[in-house]
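Chemist: Have a look at this one before I ask anything.
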Amino acid sequence: MPDLFHSLLKQDIGHLRIVAEFWGLELESSEADSAREELSASLLDFELLAELMDSLSPQAHSAITDLVNSGGRIPWAVFTRKYGDIREMGAGKRDRERPHLKPSSTAEILFYRGILARAFFETDKGPQEFAYIPDDLLLLIESREAGAEEGHATAEALGRPASPKEQGTIILATDHILDDATTMLAAIRMGRSDDWSDPRLHTLLTSARLISSTPSVRGGGGEYLNPEAVKTFLECPRPEALKILQDAWLESPTFNELCLVPGIVCEGEWSNQPQETREFLLNLLDAIPEGKWWSLGAFVRDVKTKYADFQRPAGDYDSWFIKRKSDGQYLRGFAHWDEVDGALVKFFVTGILHWLGEVDLSIAEGATEPTAFRLSSFEPMKEERGKIIVTSNGRISIPRDAPRAVRYQISRFCEWDEPKEDVYRYHISVRSLAKSKEQGLKAEHLLVLLSKHAEAGVPPSLVKALKRWEVHGTEARAETQVVLRVTKPEVLEELRKSKAAKYLGEVLSPTAVIVKGGAIQKVMEAMAELGLLMEDLTEEK
């Protein structure tokens, strides 16, 4: 069935104002299109609905119950026989007679409150006219009735379903956090954690006891890996690995979401209770129907209205030293709730739960941040069967669905290139092989990995190169050198007998010699003393 926004499409500004008035609202918009968007978003409010429902007559409640029990719609002829019809009149007559103040039927009562709409729907017998409750409004009414009957938290769901305007580009939940974790673990093992740091991930891996400051297997920096935990994490199926991270976050007393909120900086010796705050917000989110798009802004506003002090002991908004990152201004007092506490609620949904694969997001057209979310039932792939591609020039492409443990090992032998789409890219170099050798890895280990997991095997030339390097090390070297060329051998001989001789290196020919690094100016001065001027082409671009 159509939602509230589309059910109001044919109504003029006068009708929209009548509906708003019954809901206790005042429209800011003066044009029908913008007023319709404003009204359809405002009506999807649980508290407003409860107030309106409480004001209705028993007959109106009966009509709503009949519609709900019939799946939200009843053939128009059937409905009007029981609850009366709606008088047809144009805008002018309506504004003069004001039928909404003297309704002739239950149908008119519900119609002028936006609860009842009429439209043709396809049936087995062809198009048929129905009375119906708009789809998103029906969801709220069902939630209210279910909560009243069962007495559970469904009636306490904060916020409201997302309006059509709040829904746009969908960003589905993923398990990409597992791949980012694999990258960071390899980076730490290689001493590259500064290049691949994510404060959230670093804190989470610490909470999961995959990394620590306690000596075990040391990375190239000041951090340590827990080898058994890392091995288990990388080798277990993706659903289990994701649960390891989710459980670590859920149970961690040290993972502090507030300190990770973008745009603010927490300073000083004060402390908060992140685990208690986390449990409180999760309880609020549990009341939201799974799979339904929910307004993020409305949810945050309701948290502010009902539970503003959810993370503040005794409502203290002055003792925490939190400043805005952009200009260093301290955000003290309730006036900054939206920038601190409200920002935390948004980050909790969009930056933590979505990151952990538990929430889908939607960004409305024209918006730069998520405007709606839904609790996701995302399930990670169970098996990692992706194959590696290896080229003869030593470039390696590893898809996201390749085994994480394999990528972790291969990446330790290679230089890291920028990932592209869902492919991690690496290349083998003398430097990377030498660095892996320092960590006790051998080129033959890399060959075994590539041979086992490469889609088309390992090119013979690369096999040969790796085996030669294992035996002989570096057999060729490319260097940038400054070469001095003179017109006659006698000039070079004279220069080699002067004080410039100590700046000269290997003789390449009777008229060419290598100049040692950084010594070209000294050579030029010595030649000037001999009465020779030299043109320096190294300064040319």
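The values are calculated or read from the model by the stated rules, or taken from the named source; none is laboratory data. Just so you know, these numbers come straight off a predicted model, no measurement behind them. All Cβ positions, even for glycine, are placed from backbone atoms using ideal geometry, and neighbour counts span all protein chains on display.
Chemist: For segment 387-421: of the residues being in a helix (DSSP H, G or I) and not hydroxyl-bearing (Ser, Thr, Tyr), which is surrounded by the most Cβ atoms within 10 Å (Cβ to Cβ)?
Modeler: Narrowing segment 387-421 to residues in a helix (DSSP H, G or I): 404-411.
Among the residues that remain, those that are also not hydroxyl-bearing (Ser, Thr, Tyr) are: 404-407, 409-410.
Values: Arg404: 24, Ala405: 17, Val406: 20, Arg407: 26, Gln409: 20, Ile410: 23.
Filtering first and then ranking leaves Arg407.
Chemist: Here's a follow-up. Quick check: anything in segment 267-288 closer than 30 Å to Asp3 by Cα and outside any helix (DSSP H, G or I)?
Modeler: Yes: one or more hits.
Chemist: Sticking with this one: Just for helices (runs of 4 or more DSSP H) wholly inside segment 2-76: which have at least 3 residues that are free of Cβ contacts under 8 Å to residues at least 12 places away in the same chain?
Modeler: On the way: elements: 4-7, 13-22, 32-42, 46-54, 58-69.
By residue number, 32-42, 58-69.
Chemist: Within segment 278-294, how many residues turn out to be over 18 Å from the mean Cα position of the chain (by Cα), closer than 21 Å to Ala41 by Cβ and among the hydrophobic types (A, V, I, L, M, F, W, C)? Before the answer, list the steps.
Modeler: Here is the first cut: in segment 278-294, the residues over 18 Å from the mean Cα position of the chain (by Cα) are 278-292.
Pick out the ones that are also closer than 21 Å to Ala41 by Cβ and you get 284-285, 287-289, 291-292.
Narrowing the set further to residues that are among the hydrophobic types (A, V, I, L, M, F, W, C) leaves 284-285, 287-288.
Here the count works out to 4.
Chemist: Quick one: is Pro58 in contact with a strand residue (DSSP E or B) (Cβ under 9 Å, 6 or more places away or on another chain), of a type outside the set (Val, Ile, Thr) and either at pLDDT below 95 or surrounded by fewer than 16 Cβ atoms within 10 Å (Cβ to Cβ) (or both)?
Modeler: Against the criterion (in contact with a strand residue (DSSP E or B) (Cβ under 9 Å, 6 or more places away or on another chain), of a type outside the set (Val, Ile, Thr) and either at pLDDT below 95 or surrounded by fewer than 16 Cβ atoms within 10 Å (Cβ to Cβ) (or both)), Pro58 does not qualify.
Chemist: While we're looking at this one, here's another question. Name, by its number, the condition in (1) within 30 Å of Leu250 (Cβ to Cβ); (2) polar (S, T, N, Q); (3) modelled with pLDDT of 85 or more; (4) surrounded by fewer than 19 Cβ atoms within 10 Å (Cβ to Cβ) that does not hold for Thr183.
Modeler: If we test Thr183 against (1) within 30 Å of Leu250 (Cβ to Cβ); (2) polar (S, T, N, Q); (3) modelled with pLDDT of 85 or more; (4) surrounded by fewer than 19 Cβ atoms within 10 Å (Cβ to Cβ), just (4) comes out false.
Chemist: Hey, does segment 198-210 have a residue that's more than 24 Å from Gln246 (Cβ to Cβ), in a loop (DSSP other than H, G, I, E, B), modelled with pLDDT of 80 or more and small (Gly, Ala, Ser)?
Modeler: no
Chemist: Which members of segment 367-380 meet the condition of being more than 18 Å from Leu158 (Cα to Cα) and either touching a helix residue (DSSP H, G or I) at 6+ places or on another chain (Cβ under 9 Å) or touching a residue at least 12 places away in the same chain (Cβ under 8 Å) (or both)?
Modeler: The answer is Ala367, Glu369, Ser377, Phe378, Glu379, Pro380.
Chemist: Additional query: So which residues in segment 37-55 are among the polar types (S, T, N, Q) and either out of contact with any Phe, Trp or Tyr (no Cβ under 6 Å at 6 or more places or on another chain) or surrounded by fewer than 18 Cβ atoms within 10 Å (Cβ to Cβ) (or both)? Even if it seems obvious, please write down each step before you answer.
Modeler: In the first step, residues of segment 37-55 are kept if they are among the polar types (S, T, N, Q); the result is 40, 42, 55.
If the condition is that a residue be among the polar types (S, T, N, Q) and either out of contact with any Phe, Trp or Tyr (no Cβ under 6 Å at 6 or more places or on another chain) or surrounded by fewer than 18 Cβ atoms within 10 Å (Cβ to Cβ) (or both), then Ser42, Ser55 are the ones that fit.
Chemist: Take the residues in segment 417-443 that are within 28 Å of the chain's Cα centre (by Cα) and touching a residue at least 24 places away in the same chain (Cβ under 8 Å); name whichever of them is farthest from Val463 (Cα to Cα). First the steps, then the outcome.
Modeler: To start, the set of residues in segment 417-443 that are within 28 Å of the chain's Cα centre (by Cα) comprises 417-426.
Still in the running and touching a residue at least 24 places away in the same chain (Cβ under 8 Å): 423-426.
Details: Val423: 23, Tyr424: 21, Arg425: 19, Tyr426: 17 Å.
That would be Val423.
Chemist: Is it the case, given these coordinates, that Ala229 is in the same structural domain as Val345 (by TED's automatic domain parsing), of a type in the set (A, V, I, L, M, F, W, C) and in contact with a helix residue (DSSP H, G or I) (Cβ under 8 Å, 6 or more places away or on another chain)?
Modeler: Working: in the same structural domain as Val345 (by TED's automatic domain parsing): yes; of a type in the set (A, V, I, L, M, F, W, C): yes; in contact with a helix residue (DSSP H, G or I) (Cβ under 8 Å, 6 or more places away or on another chain): no.
Judged against the criteria, Ala229 is not a match.
Chemist: Additional query: Going residue by residue through segment 224-243, is there one that turns out to be farther than 20 Å from Asp179 by Cβ and of a type in the set (A, V, I, L, M)?
Modeler: no
Chemist: Restricting attention to segment 227-266, and to residues there that are assigned to a loop (DSSP other than H, G, I, E, B) and without any contact (Cβ under 8 Å) to a residue 24 or more places away in the chain, which single residue is nearest to Arg404 (Cα to Cα)?
Modeler: Per the stated criteria, the residue is Cys236.
Chemist: Looking only at segment 21-33, which residues are hydrophobic (A, V, I, L, M, F, W, C) and within 14 Å of Leu49 (Cβ to Cβ)?
Modeler: Within segment 21-33, Phe22, Trp23, Leu25 qualify.
Chemist: Scan segment 372-382 and give yes if some residue there is out of contact with any Leu (no Cβ under 9 Å at 6 or more places or on another chain), modelled with pLDDT of 95 or more and not assigned by TED's automatic domain parsing to the domain that holds Asp286, otherwise no.
Modeler: No, there is no match, as no residue in segment 372-382 is out of contact with any Leu (no Cβ under 9 Å at 6 or more places or on another chain), modelled with pLDDT of 95 or more and not assigned by TED's automatic domain parsing to the domain that holds Asp286.
Chemist: Okay, next question. Among the numbered conditions (1) in the same structural domain as Ala528 (by TED's automatic domain parsing); (2) outside any helix (DSSP H, G or I), tell me where Val491 comes up short.
Modeler: Going through (1) in the same structural domain as Ala528 (by TED's automatic domain parsing); (2) outside any helix (DSSP H, G or I) one by one, Val491 breaks only (2).
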